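Below is one structure, written out as structure tokens; the observations come after it.
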Amino acid sequence: MGTALVTLQRVTGAAAGSLRFDWGLGHYERTAAQLAPASGVVVERAAPRGSERVLDLGCGTGNAALLAAARGATVTGVDPAPRLLEIARARAVDHGVDITFARGEAAALPMESGSVDVLLSVFGVTFAADPGAAATEMARVTAPRGRIVLSAWLPAGAVRQVVRMARETEMAALGAPSMPSPFAWHDRDALSRLLAPHGFSVNIDPHSHVFTAASIDDYLQGELIDHPLWVASRARLEARGKSDVQAEIVDRAREILTAGNENREGFAVTSSYVVATAQRT
């Protein structure tokens, strides 16, 4: 489901400081490959120059980092998942580019203050448990005239509807309280309120991405097998003896995606997102 299932990781009763999720579960590289075009859009919008220092926050398998390095920039990729970092390192070697990859997360970046000219995040920072802490850290590492360019999904469309349904169904099955609405990373006013205190002005550009597969069932099967958040959700439900709930989620997801399918001979669903540029002045 792209990168929108974040609240499924918040298990009932977990303390805020212990909310960590292993993105190395499953095979996120499949989703990363699907989202490669969005990385291209973000890097094109950021337009890093060869003299600039770039941070790819939530780099995953390195899509944006590789594109920035190909432009000649000095690039660091940061992600919390060691397995994905190893994949990113191998891809950098294959592409013949020199990129530093380090383990870290948005609220605790392993970078010196003011050491980044361009901070990129292709949907990654939208998973930050504490947006305020993430904003503070992004501002800390960004140079005085640096910029932040990030992408964020809009809360609309069939894929997002499946995300909400899956989250709500699992939470209800586990007896968990309703989660508060996630921070609106896609909203210019919300981002301005978050980043303006750190000296950034924010602009938003609309974009869209088409998720495709040979069929709806192929898409669902790939997500259920490969996406780390689906893998973790399935494990939690099975551990509580609620495998039937997982089957219910799949059936309802199929219904939603069938209604939203744009390619009757296969599968295609368009999801809208924004690319936000925050310029420090």
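Quick notes on this structure:
- Of all residue pairs spaced 6 or more apart or on separate chains, those with beta-carbon atoms under 6 Å, a first member in region 71-82 that is in contact (Cβ under 8 Å) with a residue 24 or more places away in the chain and a second member that is among the aromatic types (Phe, Trp, Tyr) and in a strand (DSSP E or B) are Gly77/Phe101.
- Given (1) surrounded by fewer than 21 Cβ atoms within 10 Å (Cβ to Cβ); (2) within 27 Å of His198 (Cβ to Cβ), number of the condition Gly72 does not satisfy: (2)
- In region 185-238, the qualifying residues are those that are among the charged types (D, E, K, R) and in contact (Cβ under 8 Å) with a residue 40 or more places away in the chain, and the one that is farthest from Ser272 (Cα to Cα) is Arg236.
- Residue match in region 185-207 (condition: within 19 Å of the chain's Cα centre (by Cα) and closer than 24 Å to Arg264 by Cα): yes
- Within region 43-56, the set of residues being farther than 11 Å from Val75 by Cα and touching a helix residue (DSSP H, G or I) at 6+ places or on another chain (Cβ under 6 Å) comprises just one member, Val43.
- Scanning region 98-116 for residues that are surrounded by 14 or more Cβ atoms within 10 Å (Cβ to Cβ) and of a type in the set (D, E, K, R) yields a single hit, Glu105.
- Positions within region 148-178 being more than 19 Å from the chain's Cα centre (by Cα) and not in a helix (DSSP H, G or I), in sequence order: Leu174, Gly175, Ala176, Pro177, Ser178
- The set of residues in region 127-157 that are crowded, with 17+ Cβ neighbours inside 10 Å, among the hydrophobic types (A, V, I, L, M, F, W, C) and at pLDDT below 95 comprises Phe127, Ala128, Ala129.
The values are calculated or read from the model by the stated rules, or taken from the named source; none is laboratory data. Since this is a predicted model, take the numbers as computed values, not measurements. Cβ coordinates were reconstructed from backbone atoms using ideal geometry, including for glycine residues, and neighbour counts include every protein chain displayed.
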